[in-house]
Amino acid sequence: MKRKRILGLALSLVMVVGLAGCGKHNSQLNSVVNTKNTSTSKSDNTRAVDMGSAKSSSVAKSEVANEEKHYPVEIDNFGKKTVYEKAPERVIAMDYNAASTLVALGLKDKIIASREAGLLSIDDVAEEYRDDVKKIEIPEGYLKSPLPPLEVTLSLKPDFILMDSFYFNVPDLFGEYKDYTDNGINILVTEGSMDKKPELDDMYVDIKNLGKIFDVEDKARELCKKIEGRFNEIKSKVDTSKKYKVMGFDSGDDKPIVAAGKSLENLLIEEAGAENIFSEVDKQFATVGWEDVIAKNPDYIILHETPEDKGAKNLIKILKSNKELANVNAVKNEKFIVVPLRYMFSGIYTVDAFDLIVQGLNK
């Protein structure tokens, strides 16, 4: 029970199908025909249509040739090698973080289902992706369960799932890796969700893998460059003259659950020029005592916001109502940094978490 909220995250965290061509083809023909002078003869119009058709056919053949040249693609992920003979067409994004990444890569039309997952609400999705993510269907079977049940997912007939590894912690409901691959469903498990010390490069690895799988490597490179540029811009604002002590507070009344040394949050705190007071604990999250918090006396406390606790008001209430914490610097000076919990896990929003932390430390 000591990691109830974090396990809730894990269980909640447990992602996309496109049809194109006809609409584009028709618009090309209309453009050719409509730009002709009204005095153009019927034979000239026919000739223009034929030319448009030939051009469209040539483009289609070129796209097929390029696809044949790109595939097969082999991806090493989750300790397994998967070969893709073509781009997936029916994709599930297991949460809005995954869905945002796919939308950013121009793959919105391939997403057949996603889920809010209790950690990242539609309001937390970046504005540039929000409208597209909002349109993604959430299957009724996903709404009725804290986890996406295996039978519901199989009924959707996906050929690809983008997801975190945490879902496999509940095989009785979610199923096992083999349950999906045996049904022709390929899986890409996000690097940052695996049982290892996270790295900033994890998010880039996922994006580049998706670029290869869907043959959108140019877009993947552009997205990585965009994120890296923003990260470097934020990094330039880090105040290196001070070394603040920081605690990442996830939950817990009697005993706090905090971000420890193997968490992405720990890495982001270090990148922001500060020190995680529980960095020595070799876990992602750990349960500690309030006496430990008092002894380490953090200057700032990062609060994990969830859709059910907007503004992390409940966490602030826990801290302020505990009289023993009255002289802790962060509590006494109300130095709280609110960050959506889902941002604290590797993905397209990692840079947003870093931005919020750096901004908070500069106040």
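The values are calculated or read from the model by the stated rules, or taken from the named source; none is laboratory data. Source: prediction; values computed, not measured. Using ideal geometry, Cβ is built from the backbone for each residue, glycine included, and neighbour counts are taken over all protein chains shown.
Assessment of segment 98-115 against the conditions (modelled with pLDDT under 95 and of a type outside the set (Gly, Ala, Ser)) yields at least one matching residue.
Candidates Gly211, Gly261: the one that is of a type in the set (Gly, Ala, Ser) and not in a helix (DSSP H, G or I) is Gly261.
In the set (1) buried (at least 23 other Cβ atoms within 10 Å of the Cβ); (2) at pLDDT 95 or above; (3) closer than 20 Å to Leu119 by Cβ; (4) out of contact with any Gly (no Cβ under 8 Å at 6 or more places or on another chain), Leu341 fails one condition alone, (2).
Looking at Gly252, Gly192, which one is crowded, with 17+ Cβ neighbours inside 10 Å and either touching a Gly at 6+ places or on another chain (Cβ under 9 Å) or within 30 Å of Ile75 (Cα to Cα) (or both)?
Details: Gly252 fails: either touching a Gly at 6+ places or on another chain (Cβ under 9 Å) or within 30 Å of Ile75 (Cα to Cα) (or both).
The unique qualifying residue is Gly192.
Does segment 312-360 hold any residues that are among the polar types (S, T, N, Q) and more than 13 Å from Met247 (Cα to Cα), and which are they? Passing the criteria: Asn314, Ser321, Asn322, Asn327, Asn333, Ser346, Thr350, Gln359. In this structure, does Ile136 turn out to be at pLDDT 95 or above and either over 24 Å from Glu308 (Cα atoms) or assigned to a helix (DSSP H, G or I) (or both)? No; evaluated as a whole, the condition is false for this residue. Checking each residue in segment 236-270 for being more than 23 Å from Thr306 (Cα to Cα) and touching a helix residue (DSSP H, G or I) at 6+ places or on another chain (Cβ under 9 Å) picks out Lys237, Val238, Asp239, Lys242, Tyr244, Lys245. Tell me, yes or no, whether segment 273-284 has at least one residue that is under 30 Å from Glu116 (Cα atoms), among the acidic types (Asp, Glu) and touching a strand residue (DSSP E or B) at 6+ places or on another chain (Cβ under 8 Å). No, segment 273-284 contains no residue that is under 30 Å from Glu116 (Cα atoms), among the acidic types (Asp, Glu) and touching a strand residue (DSSP E or B) at 6+ places or on another chain (Cβ under 8 Å).
Per the listing Gly118, Gly192, the residue uniquely of a type outside the set (Lys, Arg), part of a helix (DSSP H, G or I), closer than 21 Å to Pro340 by Cα and modelled with pLDDT under 95 is Gly192. Evaluating Ile92 against the criteria (1) more than 18 Å from Leu341 (Cβ to Cβ); (2) in contact with a Pro (Cβ under 6 Å, 6 or more places away or on another chain); (3) part of a helix (DSSP H, G or I) leaves one unmet condition, (3).
Screening Phe166 with (1) within 21 Å of Glu89 (Cβ to Cβ); (2) among the aromatic types (Phe, Trp, Tyr); (3) at pLDDT below 95 gives one miss only, at (1). For segment 261-275, which positions are among the small types (Gly, Ala, Ser) and surrounded by fewer than 22 Cβ atoms within 10 Å (Cβ to Cβ)? Correct list: Gly261, Gly273. Restricting Pro158, Pro198 to residues that are more than 22 Å from Tyr71 (Cα to Cα) and either modelled with pLDDT under 95 or crowded, with 22+ Cβ neighbours inside 10 Å (or both) narrows the list to Pro198.
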